[in-house]
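Below is one structure, written out as structure tokens; the observations come after it.
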Amino acid sequence: MSRLTSVPSALRVRSLGSAGLVLVAGAVIVILYGQAYTGSVVVLSACYAIVTSGMAVQIGFSQQIAFSQSVFMGAGAYGVAMLNTHLNMSVLVATPIVMAGSAVAALLLGSVVTRVSGLALAVATLMLPLIAVGYVSSTGFLGGAVGAPLTGTLWTTGSTTAVAVGGGLITVAFLAVAMFVASRILTSDIGLELFVLGVDERTAAAMGVRTPRRRLELFVLGCVFAALGGAAYAGTQQFVPETIVNPTSELALLIMLFIGGRRSVLGAVVGALVIQYLQGASTWVSVNILVVEGVLLTLVLLVDPEGLAGIVNTGVAWLRTRLDDRLPGALAGAGAGAPLASLDGASNAHGSASGAGEPDVLVTPTTLATLATPSPAVADASGAAASSTVPLLECRAIGKEYGGLSVLDDVTIALPRLGLFGLCGPNGAGKTTLLNVVGGSVPPARGQVLLDGTDITRTPPHERFYQGISRTFQAVHLIKGRTVLDNVAVACLASHKSSIVTRIGRSRLDDARDKAAQALKDLGMQHMQGREVSSLTLENQRMVELARALAPRPRLLLLDEPASGLSEQQRYRLADLLRAVGEVTCVFLVEHDLDLVAQVSQRIFVLSGGRLVFDGGPSEFRASPVVNSLLVGL
Amino acid sequence: MSEDGAGPAGSHRTEAQAGARKTALAVRGLSVSYGNVVAVHDATFTVAEGDACAITGPNGNGKSSILMGVTGMVRRKGGVEIFGRPAPNGDVGWAARHGLTLVPERRQLYPELSATDNIILGCYSWTRSIGKARRSASFGRAIDLFPELKPHLKQAAGTLSGGQQQMVAIARGLASDPKILAVDEPCLGLAEAVARRVYDVLASIHEQGTTLIVVEEAPKRALTLCNARVEVRNGVAGAAVAGAA
Amino acid sequence: MKFGNLLIAGLVTGSIYAVFAVCVSVWYRVSNILNLAVGDFAMVGALGVDNLYRVKGMPLPAAIATTLVVVAIFAFAYDRVVLRLAQDGPRRMEGIVVTFFFTFALSFFIDGVAKMLFGTDVHAAPALWSGQALTWASLHLERAGLLVLACAIMIGGAFWLYIRYTLGGKALEACGENAIGARIAGIDTRRYRWLIFVATAVIAAIFGIVESPITGYTYLSGATISLTGFLAAAYGGFRKPGRALVAGLFIGILEAMIGGYVSAQYGDTVLYAILAALVLTWPRGLGFESAVSG
């Protein structure tokens, strides 16, 4: 247990380590080879590496694919060049000004562009380099197709060697800072938010992640890093070519990122180094760089989409399992000694050998007593209404159509504070849609949803999460590649209202993990908290989902077919657990297994063709002819 | 010829009945896994030609996975023989060409294509010529078996009701002229009256000589049609038994 | 009449974008990959024929045939080697990375090879139908432009007939409608994947050959054409070839109008800004899902 809580601190300290390593190594090379070829390649790589480390956070880790980096690198470079040549500003002074300007521009552009995500975001930003090229090549004062020279450099005093070395050292320092910032963010609790956002945006929103805000923050982050890289470029190369903003440059940046390792900050840096080295390695490569880059990117994608970092990680994990076989327990701690290992938390959790022989999950109602105390935020919200007779959840005349077909039609339901309530119906009857309407991911066409008397019909999913609504999904939506503990911790994060920037300093990931560990303990699952989720049996995966839904101590728990895929024995256990949960919170349960529903529910609703056709207790349910013909088929 | 020659678990039948019939489908040690989750585990059973065999058991226990593995929709371990010929792993086209067609769970129709187009694509497994397909006996039979579909044939399949879609799906299965028709949960989401109609159609298909395999959650209903049964619990299939209704 | 001539020019380029957009759209339905290299195949067609005919002295029909065959073989090889490894093995790759970046890399690879073989100058395939532009009232239509329109109509028409009246065409539609349902019927999606990819490459090359006399191509021209065709497909949500076709025509005409009325110099910039704005203001209407995981 202590091993696990020390891991995050170890990783956060390691983020200092990688940045420090690069700082020292870079500084040494620059000092030794400053003016020589090696030195200049390293410095140039460092400029690009600043950009790619931002891309590792934005594109690699959080999967927000935007093609904006070459444009902002150009903005940084041109900005510094203009300030330097026209206003005689020193490069070192111009740099922060340009970064600030880029941040503002990125905020404006980003607030428009990140209104969409996924493929739409990629397509919308795909045009940015083209727009920029068109503008730059036609605009006189930027130098047009010729480019913009600078009169100053990053470091201005001393001989040419001193200037080159000084500029190089400053660039390396910038890179180290950039890497440090990126790593701190990725290993913080917001880093976990970003990871979930990248993998499954819908689940992220249901767990309280403010997806629109995070997407904007990521966009701005990527652009600001790119601007810094551009400024460093201008300051060390003393010239800004027009090609810096074009699609080929964007491709080159993407290749650097993918080759090195898209989720790894250190990998992104290595990738930049590899490409720059290749470009200078021979004239043939330099002239035919398009061919080389095309082949390289394809190869990397085929071999390991995680690039060199992925290859190294796989190698290290393989080595570790070999060594573990020989010296059990000799290697302690996740991520020991792998230099290119991702710094993004427990993604080194490779699954254990097999899921067989896992002990069953043991739950007794008394252990759920702690879950009865609502969390402080939820208690505040529900305080006044707690003793009143206002129902906890009310759906009034909900209606919804999909493509002309009526999926929900005039559905009205009211649920009290505690208890278990079942929702049944044939497939396609609208059950999951109703759950989605209550959860907030689908807005109803008509009708209202009220929580404790307050209208939440238009409230977004992450807000509803804060108000105490928690849910599971039909298919298991756990985050692969992460441990059980982290998956539950996603629901325990307190970072939603904080900005990304605050995580450079302090992270409360440990708090979230402690809360998650406690929730797992309450459910008797602490023995599996270190396991990677895809190595678990289906029943245990569903239990983890349930633990995740229960961990924030919700007022209203929405369960979508929790028994699906479970054996009869497993269903008995589930029924016991559900009854225990129903004593501490309100549970709204969609299920096909009618016996299970009749056993555990106080009241059952049946939907057919989008309309509510039954609303009553379990004994009426079993006896009802409507229900029997609809659901049992005889 | 004894059916038990096909494998350790055979149906229990009288010798007289067993004598004249071939084994349509022999499944031996079938295992299907999705990643780490084992859905079916060492299933062994046989289905004789002309039988209507029900695969029953609680939801989520592996019934559909058995069919998916047998027809080649998902990869499997273990042996499958269709009329004595070993089926290659994961090759749906092979199974269709050798007489086993699947009508999948939730229909899986082509929503924007017309009902006729959906049905005629069932002929793809044996011909590429649309003319031959249209004129074939199997296509004609598929259409004729569902007179209630006639006014809707030109409609896009996605706009049909659940019951009509199920019929289109069965018709598509029939168009491939199968010797064995495997139907996965034919009545999923259907109202009672419609479900009865579907079973009537399945019964007439069976009477015309096609071997049937029906995955059904409600065992009582399945046994109105079927004379053999494979019970699946926890991914393990019991031997095919001749079940009285 | 300026408007009329711009409209005609826009229709000519628009019909190319439309055909490319349909190719991208159809292929995406079948393979779940977006073809970002369409325009690059067009460029290879143009520059290849020019090279074989002008530099190597081959007779024109042979030059055209050779180029098309080489393009087809290359496209087939790419599917067999790269796409098969990516999609058909046990470790099947999915997600936005595959969707985008394989053909992104391919596009630049082709450009690089073209640069190696054909140099960096502007070239064009020889005009297939030489002569004065056709005029009527004050409207001009380049003969090559008429050829482009004719090709577009023929190819589009042939494809439409294929889809509606053959079993193979319906099977292709089925692949795009429901992948599971297609497998049930024994339809081999992988076969259609390479068929459509090769067909796209050859069709693109044909258009490059026919259209290049009007504008002239360099080894980098392919990228912008790819992008525009891709955008047109985007406006159909990538899954609706019909809408992609209309979008392609619309973008072609819009491009011509902006170039003629707003500014020749910044024309492209304005065009892309408008196109980007459309995606941003109306994503659902254009068919994008609001979130793509992977």
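Just so it is clear, none of the values below were taken in a lab; they were calculated from the coordinates. Keep in mind it's a predicted model, so treat the numbers as computed, not measured. Every residue, glycine as well, gets a Cβ built from its backbone with ideal geometry; the counts of neighbours run over all protein chains shown.
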query: Helix C:189-215 versus the longest principal axis of chain C: what is the Cα-based angle in degrees, 0 to 90, to the nearest 10?
result: 10 degrees
query: How big is the charge dipole of chain C about its Cα centre, in debye rounded to the nearest 20, if each Lys and Arg gets +1 on its Cβ and each Asp and Glu gets -1 on its Cβ?
result: 660 debye
- line: For the stretch C:2-281, the charge dipole (Cβ of Lys, Arg +1; Cβ of Asp, Glu -1; about the Cα centre) points to a positive end, and the Cα of C:Asn51, C:Ala182, C:Asn35 closest to that extreme belongs to C:Ala182
- line: Here FRET efficiency (C-beta to C-beta, B:Leu145 to C:Phe3, R₀ 60 Å, nearest 0.05) is 0.50
statement: For B:Val236 and A:Tyr572, extending 7 Å from Cα along the Cα-Cβ vector and measuring point to point gives, in nm, a value of 1.6 nm
query: What's the center-to-center distance, using Cα atoms, between the stretch C:10-70 and the stretch A:17-69 in Å?
result: 39 Å
statement: Result: in chain A the number of Lys pairs with C-alpha under 29 Å apart, spaced 8 or more or on different chains, is 7
task: Return the lysines within reach of B:Lys77: Cα separation strictly under 21 angstrom, same-chain partners fewer than 8 residues apart disregarded; answer none if there are no such residues.
output: B:Lys63
- request: Count the DSSP beta bridges whose two residues both fall in the protein assembly as shown, then state the antiparallel fraction as a percent rounded to the nearest 5.
  value: 55 percent
query: With charges set only on the Cβ (+1 for Lys and Arg, -1 for Asp and Glu), what does the dipole of the protein assembly as shown come to about its Cα centre, in debye to the nearest 20?
result: 440 debye
message: Would chain A count as rounded, prolate or oblate if I go by the C-alpha gyration tensor, calling it rounded below 1.5 in a/c and otherwise prolate when a/b exceeds b/c, oblate otherwise?
response: prolate
message: Name the residue from A:Ile97, A:Ser53, B:Ser161 whose Cα lies farthest towards the positive end of the charge dipole of the protein assembly as shown, charges +1 on Cβ of Lys and Arg and -1 on Cβ of Asp and Glu.
response: B:Ser161
message: What FRET efficiency comes out for B:Thr159 versus A:Leu21 if R0 is 56 angstrom and r is the Cβ-Cβ distance? Round to the nearest 0.05.
response: 0.35
query: Tell me which lysines have Cα within less than 16 Å of C:Lys240's Cα, excluding those fewer than 8 residues away on the same chain?
result: C:Lys170
field: Within a Gaussian network of chain C (alpha carbon springs, distance under 10 Å), most fluctuating of C:Ser25, C:Ser130, C:Ser107
entry: C:Ser130
statement: For B:Lys22, counting only lysines whose alpha-carbon sits under 22 Å away and dropping same-chain residues fewer than eight positions off, the answer is B:Lys179
- request: Provide a whole-number value for the mean count of partner chain Cβ atoms within 10 Å of the Cβ atoms in peptide A:291-297.
  value: 6
message: Rounded, prolate or oblate, given the Cα gyration tensor of the protein assembly as shown, with a/c below 1.5 counting as rounded?
response: oblate
field: J(HN,Hα) series, the stretch A:242-254, from Karplus relation 6.51 cos²θ - 1.76 cosθ + 1.60, nearest Hz, glycine and proline x
entry: 5, 6, 5, 9, 7, x, 4, 5, 4, 4, 4, 4, 5
task: With a/c under 1.5 counting as rounded, go ahead and sort the stretch A:8-110 into rounded, prolate or oblate using the C-alpha gyration tensor (a ≥ b ≥ c being the square roots of the eigenvalues; past the cut-off, prolate if a/b is larger than b/c, else oblate).
output: oblate
Helix C:221-234 axis, angle to chain C major axis (alpha carbon atoms, nearest 10°): 50 degrees
- request: Show that you can apply the helix-only estimate: for the protein assembly as shown, add -39,500 (n - 2.57) for every DSSP H stretch of four or more residues, divide by all residues, and state [θ] at 222 nm to the nearest 500.
  value: -17000 deg cm²/dmol
message: Cα atoms only: what Rg and Dmax, in Å, come out for the stretch A:8-246?
response: 18.3, 59
- prompt: Gain in length, A:Arg458 to A:Ala494, computed as 0.36 nm per residue apart minus the alpha-carbon separation, to one decimal in nm?
  reply: 10.6 nm
task: For the stretch C:2-281, compute Rh as the Kirkwood radius over C-alpha pairs and then the Stokes-Einstein diffusion coefficient at 20 °C and 1.002 mPa s; write the answer in µm²/s, rounded to an integer.
output: 111 µm²/s
- prompt: Cα centroids of the stretch C:250-264 and the stretch A:468-543: how far apart, whole angstrom?
  reply: 53 Å
message: What's the magnitude of the charge dipole for the stretch A:8-246 around its Cα centre, counting Lys and Arg as +1 and Asp and Glu as -1 at the beta-carbon? Answer in Debye, nearest 20.
response: 340 debye
